[in-house]
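The next block holds one structure in the form of structure tokens; read it before the comments.
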Amino acid sequence: MILSIDGGSENVKAAGENIIDIFPSVIGEYRDRKKKDKHGSSDMEFEINGKRGFAGSLAIVESVFTSTIRGETKAHHYLKIRVLLALHRNCNERNVKIVAGQPISMHTDTEKNKIIVMLKGEHKITVNGVTKEFFIEECVVGLEGAAAYLCIQRPGKIRIIDIGGGTVNLATILNGSFVDKESRTLPFGFNSSADKSKGEHIIQATYNEAYNLGWRSDDEVYFVGGPAETLISKVINYFSNTQVIAPLLDGEMLEPVFGTAVGLLLIGRAVYAKDGQENSGV
Ligand SMILES: Nc1ncnc2c1ncn2[C@@H]1O[C@H](COP(=O)(O)OP(=O)(O)OP(=O)(O)O)[C@@H](O)[C@H]1O
Ligand SMILES: [Mg+2]
């Protein structure tokens, strides 16, 4: 089976055939609990290679030392835990082919290979007492934000803004091909500030950086990521021709937070149908 995993710093999003999943990326230490109450729909007590921890809604409430790595690369061990949790939640088959996301600015061969080496092969994970073994046969790494192009597939030059918890991805696609020169990852996101007017600041800063890359206010812009619906009214003031992408997965219309995950899945379906030969620019 094929599963795409957009292991964001705020939420992990996964997509596959009849699968759509989202859970908080929070990972924390294991603690013995006197009474094991439920705290949310994503309570996860996990064990990987003898190391125990809490994840999701359980980590938010019961771990003391929760942490995450936000930033421009996903080549770190938190991504591995996020991916294995997503597999455990969604896969009952041992052999899987996955597609993972990486921010645009660090989408280099070196960083991609680090992710592939870390994820391919045998894994064992126990979540809430259930042990599963997986063999990740193949792993493709796609571009966060830009992958959402697969959900729209428009000709000409289009821009994609993907605002997440810790980053903003700015992607430019020209007739289906990624334009590196006019694309970047910005090192801030919706959770970089607790300020009530943060939305305005993020959009202003995003516009400035995009302008410096050559974007202009009447460009054709598409908007994805968790805060897309919340921030669209502000984005329109800077990029008047912007619409939120509501990704379609096998006929079902989803929220914009799933833009990258659905795009990555569509890349995976195309790549794996061609026996592992990468054929997509994004
Ligand atoms: N309707 C919504 N659904 C989900 N998230 C939302 C919504 N509205 C606002 N948000 C905000 O979106 C952010 C998470 O967005 P998203 O899941 O795209 O980030 P991420 O992909 O985990 O982060 P990054 O891409 O920076 O690694 C949170 O800060 C959340 O508060
Ligand atoms: Mg994201």
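Of all DSSP-defined beta bridges confined to segment 146-248, some 65% are antiparallel rather than parallel. Per-peptide packing, taken as the mean over residues of other Cβ atoms within 10 Å, places 8-19, 103-114 in the sequence 8-19, 103-114 from highest down. A simple count of charges around residue 18, restricted to other residues whose Cβ falls under 12 Å of its Cβ and scoring Lys, Arg +1 and Asp, Glu -1, yields -4. Across segment 146-248, Cα-Cα pairs more than 24 Å apart make up 13 percent of the total.
For the chain, what does the helix formula give at 222 nm: sum of -39500 (n - 2.57) over DSSP H segments with n ≥ 4, over the residue count, nearest 500 deg cm²/dmol?
On the way: 6 runs with 70 residues, N = 282.
Mean residue ellipticity, 222 nm, calculated: -7500 deg cm²/dmol.
Give a quick list of chymotrypsin sites (Phe, Trp or Tyr not before Pro) in segment 42-136 that DSSP marks as loop, anything other than H, G, I, E or B, with at most 16 other Cβ atoms within 10 Å.
Working: sites: 46, 54, 65, 78, 134, 135; in loops: 65.
The qualifying sites are 65.
Building the convex hull from the alpha-carbon atoms of segment 9-67 and averaging its projection over directions returns 4.8 nm².
The amide H of residue 244, built 1.01 Å from its N in the peptide plane, has 223 as neighbours under 5 Å, considering only residues 5 or more places off or on other chains.
When the charge dipole of the chain is built from unit charges on Cβ atoms (+1 for Lys and Arg, -1 for Asp and Glu) and taken about the Cα centre, the candidate among 125, 217, 175 whose Cα reaches farthest toward its positive end is 125.
Rg/Rh, computed from the Cα trace of segment 136-189 with Rh as the Kirkwood radius, has the value 1.02.
Taking the DSSP beta bridges in the chain as the whole, what percent of them are antiparallel, to the nearest 5?
70 percent
Placing +1 on each Lys and Arg Cβ and -1 on each Asp and Glu Cβ, with no other charges, gives segment 146-248 a dipole about its Cα centre of roughly 40 debye.
Arranged from highest to lowest average of other beta-carbon atoms within 10 Å per residue, in what order do the peptides 68-74, 198-204 appear?
Working: 68-74: 19.4, 198-204: 17.1.
For the peptides 68-74, 198-204, the packing ranking is 68-74, 198-204.
Charges were assigned to the Cβ only: +1 to each Lys and Arg, -1 to each Asp and Glu. The resulting dipole of the chain about its Cα centre is roughly 620 debye.
Roughly how many Å² is the accessible area per residue of the chain, as a whole number, for a 1.4 Å probe?
On the way: 12670 Å² over 282 residues.
It amounts to 45 Å² per residue over the chain.
Cα convex hull of the chain: mean projected area in nm², to one decimal?
Working: hull surface 58.1 nm².
Here the figure is 14.5 nm², rounded to one decimal.
Please give every one of the lysines within straight-line cross-link reach of residue 234, meaning a C-alpha to C-alpha distance under 16 Å, and leave out same-chain neighbours fewer than 8 residues apart. Within the straight-line limit of under 16 Å, residue 234 reaches these lysines: 196, 198.
Sequentially through segment 17-27, phi angles give Karplus couplings (6.51, -1.76, 1.60; θ = phi - 60°) of 5, 6, 10, 9, 9, 9, 8, x, 7, 4, 10 Hz, Gly and Pro residues having no value and appearing as x. Can you send over the carbon and sulfur percentage of the accessible area for the chain, probe radius 1.4 Å, protein chains only? That share works out to 47 percent. Between the listed residues 86, 249, 203, the Cα displaced farthest toward the positive end of the dipole of the chain, a dipole computed from Cβ unit charges relative to the Cα centre, is found at 86.
The values are calculated or read from the model by the stated rules, or taken from the named source; none is laboratory data. Quantities reported herein were computed from a predicted structural model and do not represent experimental measurements. Cβ atoms come from the backbone with ideal geometry, glycine included; neighbour counts cover every protein chain shown. SASA here: full protein model, heavy atoms, side chains in, ligands and nucleic acids out. Shrake-Rupley method; radii C 1.70, N 1.55, O 1.52, S 1.80 Å.
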